[in-house]
Amino acid sequence: MKAPDVRDEYLASLAPDTNPLAGPGPDWLNALRAEAAACVNSLPYPTTHDEEWRFTDFGLLRKTAFASAAADISPEVSLADIAPFVLPESEKSRLVFVNGIYAPHLSVCAGLPQGVVMSNLAAGLSSHDAVIRAHLAQQLDFHNEAFAALNTSHIRDGALVLIAKDTACPAPIHLLFIATGATANTPQASYPRCLVIAEAGSTCALIEDYVCLSPGVYFTDAVSEITIGENASVEHTRLQRESHSAFHMAYGVAALARGSNYVAHNIAFGARISRHDLRITQNGEAAQCTLNGLALISGRQIADTHTVMDHAKPNGQSTQLHKCIADGGAHAVFNGKIFVRKDAQHTNAAQQSRNLLLSNKARIDTKPQLEIFADDVKCAHGATVSQLETEEMFYLNSRGLTTLTARNLLIYAFAEEIVDRIPVPSLIKQLSKTLSEQILEHT
């Protein structure tokens, strides 16, 4: 059956009051916006009739009228407002964006070594135009992805991180994206953007953090692009803790050069409906990648994660562990693909999807996939969906724990395996507290 044409509904819903082509910047950026805008107006928008979207219905999104938050920076946001999200380890390396727009009064970039650049994208264009032009939207397939094109057509500002050759950033870089929710009862749409370039031999830890100051309906359409040079290393923690009434759409792409290492921790607690598409490409030989993921949802939340691990060169390695926990009437989706191309001999790849159902009304769909075109590789994948183990509950009950305490302890332990891998102690503490609160909230 032919899918309904929903493009007009989406375009009417998402920021109809703005002209995507208008904005500051050089001619090449205006040309990029125009090219993306043409895609916005011509690409099909996803529906559940599309195989890649069949579990995630964004119909609620196009039934809501959003206003662009681009020109609506709330002057009321203060350091006290963001205090719950501030990380001591990043007290001098924090960029803050309010509704997608840089907030200099909340940001701190001080004492960083020579060779480390943290800036908003708009300011970075004056000093690093050539490198930004060489990387911005170069990995992203916005010609075929409508929401990626929508973000690109709306580029006004964003986070820019440059780590020079053989430079180590001494502190985690915290990119904090704050949503203020509705203004004058009008839901807001924002289009955050991150561009990270780690040159050869460099190292850095990156935290990309999406939070809200108040509950409410709003839409976040985010894009992150990471380029990792030869023998460079990036550890990337991505947190999605939006309002439980919000919509969150995100694309992440990472390109790995020879001998580089990319470690990602993707945590999703929030949003009414969220979708995260992540694509990693090993463009150089002997690159390594580790992907850890956790979605903890309840009520009527939907959390959809799609990952693609593309092995394009020989001797690459990748490991992936993704966990979903669904309670109430929530629906979690994980679709993980591993491509091993013809030239990627001696690839070693492993993927595990482990999932926990906490109610009879919750649902989890998981689909690990392997596509191998090389003949000398070692690849494995697996998936499990289960409920709490009766034997484990019995063991804890026999040691004096109540059924409720035993249940919460087992859920916490299941999730904590992912959270504990994050390399920032204060963030582990924040997330562990959130885990406990969300588990208790639904018991």
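The values are calculated or read from the model by the stated rules, or taken from the named source; none is laboratory data. These numbers were taken from a predicted model, which means no experiment stands behind them. Glycine gets a Cβ as well: all are built from the backbone with ideal geometry, and neighbour counts include every protein chain shown. Ligands, DNA and RNA are stripped out before the accessible areas are found, and what is left, the full protein with its side chains, is counted by its heavy atoms. Shrake-Rupley method; radii C 1.70, N 1.55, O 1.52, S 1.80 Å.
For the range 42-116, run through the GluC sites (Glu not before Pro) and keep only the ones in DSSP coil with at most 16 other Cβ atoms within 10 Å of their Cβ.
Sites meeting the loop and neighbour criteria: Glu76, Glu91.
Taking the chain as a whole, which cysteines find no other cysteine Cβ under 4.7 angstrom from their Cβ?
Cys39, Cys109, Cys194, Cys212, Cys289, Cys324, Cys379
What is the set of long-range amide H partners of Glu285 at a cut-off below 5 Å, with H atoms built 1.01 Å from backbone N?
Arg258, Gly259
Once you wrap a convex hull around the alpha carbon atoms of the chain, what is its projected area averaged over all directions, in nm²?
So the Cα hull casts an average projection of 21.6 nm².
Show the residues, 5+ positions off or on another chain, whose built amide H is closer than 5 Å to the amide H of Ser202.
Hits under the 5 Å cutoff: Asp166, Thr167, Ala232, Ser233.
Where a ≥ b ≥ c are the square roots of the eigenvalues of the C-alpha gyration tensor, would you call the range 351-399 rounded, which needs a/c under 1.5, or, failing that, prolate if a/b is larger than b/c, or oblate?
oblate
When the Karplus curve 6.51 cos²θ - 1.76 cosθ + 1.60 is applied with θ = phi - 60°, which whole-Hz ³J(HN,Hα) does each residue of the range 57-69 get, with x for Gly and Pro?
Ordered by residue, 3J(HN,Hα) equals 9, 8, x, 4, 5, 7, 8, 10, 8, 9, 10, 5, 8 Hz.
Go ahead and set up a Gaussian network model of the chain, Cα springs under 10 Å, then flag whichever of Asp277, Asp81, Asp166 fluctuates most.
Asp81
At 1.4 Å probe size, with every protein chain present, just tell me what the per residue accessible area of the range 297-443 comes to in Å².
I get 49 Å² per residue for the range 297-443.
Gaussian network model of the chain, Cα springs within a sub-10 Å range: biggest mean-square fluctuation belongs to which of Asn266, Asn408, Asn99?
Asn408
Once phi is turned into θ = phi - 60°, what whole-Hz ³J(HN,Hα) does the Karplus curve with 6.51, -1.76 and 1.60 give for every residue of the range 82-94, x standing for Gly and Pro?
In residue order, the calculated couplings are 9, 3, x, 9, 6, 10, x, 5, 10, 5, 10, 9, 10 Hz.
Rounded to the nearest angstrom and ordered from largest down, what semi-axes does the equivalent ellipsoid of the range 289-443 get from its C-alpha gyration tensor (root of 5λ)?
So the three semi-axes of the range 289-443 are 33, 16, 15 Å.
For the range 121-262, state the average projected area of the convex hull of the C-alpha atoms over all orientations, rounded to one decimal in nm².
9.0
Over the range 242-366, what is the relative contact order in whole percent, taking alpha-carbon pairs under 8 Å and six or more residues apart?
Taking the mean separation of contacting Cα pairs over the length of the range 242-366, I get 23 percent.
Taking amide H positions as placed 1.01 Å from N in the peptide plane, with prolines and chain starts having none, which residues 5 or more places from Gly293, or on another chain, fall under 5 Å of its amide H?
So Gly293 has HN proximity to Asn266, Leu321, His322, Lys323.
Would you be so kind as to identify which of Thr237, Thr434, His105 lies farthest towards the positive end of the dipole of the chain, taking Lys and Arg as +1 and Asp and Glu as -1 on Cβ and the Cα centre as origin?
Positive-end residue among those listed: Thr434.
Of Leu43, Leu79, Leu296, which has the largest mean-square fluctuation in a 10 Å C-alpha GNM of the chain?
Per the Cα network of the chain with a 10 Å cutoff, Leu79 tops the list.
Only Cα pairs under 8 Å and at least 6 apart count here; give the relative contact order of the chain as a rounded whole percent.
Computed value for the chain: 10 percent relative contact order.
Hey, rough spin-label estimate for Arg421 and Asp5, points 7 angstrom out along Cα→Cβ, what's it come to in nanometres?
Result: 4.5 nm between the two label points.
In the range 171-329, what percent of the accessible surface is made up of carbon and sulfur (1.4 Å probe, ligands and nucleic acids excluded)?
C and S fraction of accessible area: 49 percent.
I need the calculated FRET efficiency for the pair Thr64 and Ile372, taking r as the beta carbon distance and R₀ as 30 Å, to the nearest 0.05.
Here the calculated transfer efficiency is 0.10.
Would you tally the net charge around Ile297, using a Cβ to Cβ cut-off of less than 11 Å, leaving Ile297 out, and scoring K and R as +1, D and E as -1?
Net charge around Ile297: +1.
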